[in-house]
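One structure, pasted below without further comment.
The numbers here are math on the coordinates, done by the rules we state, and not lab data. As the structure is a prediction and not an experimental result, all values here were calculated from the model. Here Cβ is always computed from backbone atoms with ideal geometry, including for glycine, and neighbour counts include all displayed protein chains.
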Amino acid sequence: MNKGFTVWLTGLPGAGKATIAHLLKNRLSENYQINVEVLTSELIRANLCSNLKHARHDRKINIHCAIFICKLLSRNGIAVISSLASPHRTSREKARRETGNFIEVYVKCPLELCVARDVEGIYQRALNGNILHFMGESDPYEEPLNPDLVVETDKETAEESTGKILKKLLELQYIVKQIEFPKGE
Ligand SMILES: Nc1ncnc2c1ncn2[C@@H]1O[C@H](COP(=O)(O)OS(=O)(=O)O)[C@@H](OP(=O)(O)O)[C@H]1O
Ligand SMILES: Nc1ncnc2c1ncn2[C@@H]1O[C@H](COP(=O)(O)OP(=O)(O)O)[C@@H](O)[C@H]1O
């Protein structure tokens, strides 16, 4: 059985977590034959805790659900990519403590660029005052102090960031380099 592990992506909305999670999932399953599950905040809210809003306590419960799923899946040989903003340090520390084979990846991007990208128009709604407890605006995003890896999506491509994560997973021996056979073998 493959070693299970958790790649915990954290960063502001629009920083690039979902984009990198998608690329990483493809690379892990195609090149390393690993079973991968991607967790998103929407997935958890829709299936486990639909009553939660975005106040600090609600986010905390949302993250606790994600941590529990990471723990269950990774101990059964699944690679889990958590693509939740997870703005609070205490929650991310809990994820590290409770999940074996864990790396925290800070998906770093300046707030102004996230606002400019505004993938789902959510920053505009927040600036118009239509969103309560918006992270990065009224609920501060707490930058990781000691992440295992930082990827800077204003300076590198999503493919480069994905490559850095794979390199870190290889270094930690959470994944093993595949032998490349010549074509036709
Ligand atoms: N206050 C508020 N109201 C509505 N929507 C919000 C709010 N804050 C954040 N967002 C958007 O929801 C995405 C996840 O935020 P969450 O609060 O669920 O994140 S988390 O559970 O704390 O990680 C998050 O996007 P992603 O980071 O892309 O997942 C935001 O687009
Ligand atoms: N280097 C990069 N890494 C990741 N996303 C990037 C990068 N450069 C531009 N983008 C774009 O930024 C947006 C990030 O959105 P998304 O991945 O949904 O962020 P998040 O999941 O953090 O909210 C996407 O439209 C993506 O194409």
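Which residues, counting only those in the range 8-27, are over 11 Å from Ser161 (Cβ atoms) and away from ligand 1 (no atom under 15 Å from the Cβ)?
Lys25, Asn26, Arg27
Residues Glu98, Glu143: which one is within 17 Å of the chain's Cα centre (by Cα), among the acidic types (Asp, Glu) and under 19 Å from Lys17 (Cβ atoms)?
Criteria check complete, one pass: Glu143.
Just give me the residues in the range 112-145 being touching a residue at least 40 places away in the same chain (Cβ under 8 Å), exposed (fewer than 12 other Cβ atoms within 10 Å of the Cβ) and more than 13 Å from ligand 1 (Cβ to nearest atom), in sequence order.
The answer is Leu145, and nothing else.
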